[in-house]
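Following: one structure in structure tokens, then a few remarks.
The values are calculated or read from the model by the stated rules, or taken from the named source; none is laboratory data. As the structure is a prediction and not an experimental result, all values here were calculated from the model. Cβ placement follows ideal geometry from the backbone for every residue including glycine, while neighbour counts extend to all protein chains displayed.
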Amino acid sequence: MSYDPRLLFAQICVHLDQTPARSLVDLSREFQVAARTIQGVVAEMTGGGKFTSFRDDILIARLTRLFLAQPNSPIKEISFELGYKSSRTFARAVRRAFGASPAELRKQIATDIAGQHAHRPRSAAAKTH
């Protein structure tokens, strides 16, 4: 079966962004290509990266957006929104990928964002008042 690696990679990105819990096997079935084909496309398009690392990068980006947009949402609700069947599975995935629990990661993201705002230079107009 012939495929365009760029198109397949774009589809992988969209599917993982919507549901980062998807496995290599899930995507293989969805796109009707071998798992090693998906691994090869991800490696080619990311400069040699592994599928799991790529999926973890998408997970952190999606988690960051969700934690910022929904700072008070329960972790369980966020885990289901990301496609995990249980909050325990989600917590294990986050800990494996980032070495922290989802709650710790949320706190770190909030701290990082607050630090960025605190160090942002004021405009010249704000300095004159």
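The number of residues in segment 1-12 that are assigned to a helix (DSSP H, G or I) and over 16 Å from the mean Cα position of the chain (by Cα) comes to 4.
Conditions (1) surrounded by 15 or more Cβ atoms within 10 Å (Cβ to Cβ); (2) closer than 19 Å to Asp17 by Cα, marked per residue:
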residue: Met45; (1), (2): yes, yes
residue: Gly48; (1), (2): no, no
residue: Leu63; (1), (2): yes, yes
residue: Leu82; (1), (2): yes, yes
residue: Thr89; (1), (2): no, yes
residue: Ala93; (1), (2): yes, yes
residue: Arg96; (1), (2): no, yes
residue: Ala110; (1), (2): no, no
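Taking the criterion of being touching a Phe, Trp or Tyr at 6+ places or on another chain (Cβ under 8 Å), β-branched (Val, Ile, Thr) and in contact (Cβ under 8 Å) with a residue 40 or more places away in the chain, the only residue of segment 61-114 that qualifies is Ile109. For Ala97, the criteria (1) at pLDDT 90 or above; (2) assigned to a helix (DSSP H, G or I); (3) not hydroxyl-bearing (Ser, Thr, Tyr) hold in every case but one, which is (1). Checking each residue in segment 47-62 for being assigned to a helix (DSSP H, G or I) and either at pLDDT 95 or above or of a type outside the set (Ser, Thr, Tyr) (or both) picks out Phe51, Phe54, Arg55, Asp56, Asp57, Ile58, Leu59, Ile60, Ala61, Arg62. When segment 13-40 is limited to residues that are in contact (Cβ under 8 Å) with a residue 40 or more places away in the chain and assigned to a helix (DSSP H, G or I), the one that is farthest from Lys85 (Cα to Cα) turns out to be Cys13.
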